[in-house]
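The values are calculated or read from the model by the stated rules, or taken from the named source; none is laboratory data. Predicted, not measured: the structure shown is a model, and the values here were computed from it. All Cβ positions, glycine included, derive from the backbone under ideal geometry; neighbour counts span all protein chains shown.
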Amino acid sequence: MSNTVVLGCMFGDEAKAKIVDVMAKDSDVVVRFQGGCNAGHTILLNGEKFIFHLVPSGIIYPDKICIMANGLVIDPYELVAEIENLKKRGINMDNRLFISDQAQVTLPLHHYLETMHEQSKNTISIGTTKKGIGPTYADKSARIGIRMPELFDKQILKKRIANIIHSKGNLLDKWEFRNNVDEVTSELLAVGKMLKPYITNTVYLLHNFLDQGKKLLFEGAQGALLDVDFGTYPYVTSSNTTVGGVCTGAGISPRRIDKVIGVMKSYFTRVGKGPFPTELKDEIGDFIRKRGNEYGSTTGRPRRCGWFDAVATRYTAMLNDIDFIALTLLDVLSGLDEVKICTSYKLNGDEIDYFPSFYHQLEQVKPDYIELPGWKEDISAVRKFEDLPENAKKYVNTIEELLGIGVSIISVGPERADTIMR
Ligand code: IMP
């Protein structure tokens, strides 16, 4: 077993970075394959907090190679800032950070277009991170997007930016740089120059690593319920956050994937708009938000909190064909008298055990719950499953039974060591 994928199985923010950090120890190469700086992967290392938006979190290990593959949308300004910040904190990236020459560039005009769409009274707001993700992927599909190496050539870049502006019709009429393509081009050329040493053909690089028998770890961003095809469309992100995204986003065959780890929080959260059947708009929701510090690491927005939803996670576990579950933030639930798990939904009075694909139906479902006794003990120092309180063990075992999948990793705190391996 060498090549492992770590994927979020909820609405994102499942603490995937913590699991990637634990798994990276035994890997050689860490790969990001979709999304952009909408992600905020947080790692706490010896009390020091790192938040990664674009750079794979494996960079925190001095001997790991990190790849930002073709499936990413990269805001070059954000990336330069992130690299500079990490360098200041003593992380060396020379010859170990590689950026795909096929990755797409998020431009300032993408931010503008998204903000206009989100703010307009005449459009449906998704509650995005406003990082230009949707417009960048839209331009990629429309074949007007810009790829990283185009940032190196003034004539090409200017022509390509003019092409996008022209394609947008009057949507950019009020954009402050509308008539200043020269300035936009010069600034982009300057950041392009800074990123040039890292840009390469990562498809060949990855396949060379595969031939050498190196162990690859694929770091998913967002979660399966935000997948552009399988999530709660249109309240989703614009990439494939499920396992297929690894193949298209990095240029590898499914045959190269040996193991898929599904990361699930011990409760549900969602940030942004869209259906959320088990949402708790009460003091228990507030309790979870406070104890779990459930505020977006990219936008700072309070996350919506709710009970664990076994209908939704059965669906995402099926989509990703996960080998085992990494259950995170179990410590957050300590202190509740009772904990609930959603086992099925009622739709128009009829019980259903599937996750509806139409968001309007999902807004109408009523969850059925099983109730389990809670536990009061602080479990953050527990390192063996047997040492967990009986009710916490019962909670974990119930999730396993409801999903028919084992929980092999339990996270009880933010540090690498705050982990139970089974
Ligand atoms: P976008 O990815 O910025 O276009 O946002 C689309 C939806 O995905 C919004 O509901 C966001 O709040 C959500 N989203 C995007 N990235 C993340 C993430 O990393 N964690 C959680 N939610 C996210």
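Here are some notes:
- Complete set of residues in the range 77-93 that are acidic (Asp, Glu) and out of contact with any strand residue (DSSP E or B) (no Cβ under 9 Å at 6 or more places or on another chain): Glu78, Glu84
- Subset of the range 394-422 that is of a type outside the set (D, E, K, R) and under 17 Å from Gly292 (Cα atoms) - its residue that is surrounded by the fewest Cβ atoms within 10 Å (Cβ to Cβ): Thr419
- Whichever residue in the range 58-80 is aliphatic (A, V, I, L, M) and farther than 16 Å from Thr129 by Cβ and, among such residues, is surrounded by the fewest Cβ atoms within 10 Å (Cβ to Cβ): Val80
- Per the conditions (1) within 14 Å of the ligand (Cβ to nearest atom); (2) on the phi > 0 side of the Ramachandran plot, the sole criterion not satisfied by Arg143 is (1).
- Residue in the range 32-49 that is away from the ligand (no atom under 16 Å from the Cβ), of a type in the set (Val, Ile, Thr) and closer than 30 Å to Ser408 by Cβ present: no
- Asp173 passes every criterion in (1) more than 16 Å from the ligand (Cβ to nearest atom); (2) among the acidic types (Asp, Glu); (3) under 18 Å from Gly127 (Cα atoms) apart from (3).
- Selection count where residues are closer than 30 Å to Leu372 by Cβ, among the hydrophobic types (A, V, I, L, M, F, W, C) and out of contact with any Gly (no Cβ under 7 Å at 6 or more places or on another chain), scope the range 244-269: 3
- The range 365-393, residues that are of a type outside the set (Phe, Trp, Tyr), more than 18 Å from Ser344 (Cα to Cα) and buried (at least 16 other Cβ atoms within 10 Å of the Cβ): Gly374, Ile379, Val382, Leu388, Pro389, Asn391, Ala392
- Test result for Ile74, touching a strand residue (DSSP E or B) at 6+ places or on another chain (Cβ under 7 Å), under 23 Å from Lys273 (Cα atoms) and in contact (Cβ under 8 Å) with a residue 40 or more places away in the chain: no
- Pairs, first near the ligand (Cβ under 6 Å from one of its atoms) in the range 117-132, second part of a loop (DSSP other than H, G, I, E, B) and among the aromatic types (Phe, Trp, Tyr), C-beta under 7 Å, six or more apart: Ile126/Tyr235
- Residue in the range 245-260 that is within 16 Å of the ligand (Cβ to nearest atom), within 20 Å of Thr136 (Cα to Cα) and either basic (Lys, Arg) or under 15 Å from the mean Cα position of the chain (by Cα) (or both) present: yes
- Only helices (runs of 4 or more DSSP H) whose full extent lies in the range 133-220 are considered here, and the ones with at least 3 residues that are touching a residue at least 60 places away in the same chain (Cβ under 8 Å) and hydrophobic (A, V, I, L, M, F, W, C) are 181-195, 202-211.
- Residues of the range 34-71 that are modelled with pLDDT under 95, in contact with a strand residue (DSSP E or B) (Cβ under 8 Å, 6 or more places away or on another chain) and charged (D, E, K, R): Lys49 alone.
- Some residue of the range 316-326 being within 16 Å of the ligand (Cβ to nearest atom), among the hydroxyl-bearing types (Ser, Thr, Tyr) and either under 19 Å from Tyr235 (Cβ atoms) or surrounded by fewer than 22 Cβ atoms within 10 Å (Cβ to Cβ) (or both): yes
- Of the candidates Val22, Val30, the single residue that is more than 10 Å from the chain's Cα centre (by Cα), closer than 18 Å to Ala250 by Cα and hydrophobic (A, V, I, L, M, F, W, C) is Val30.
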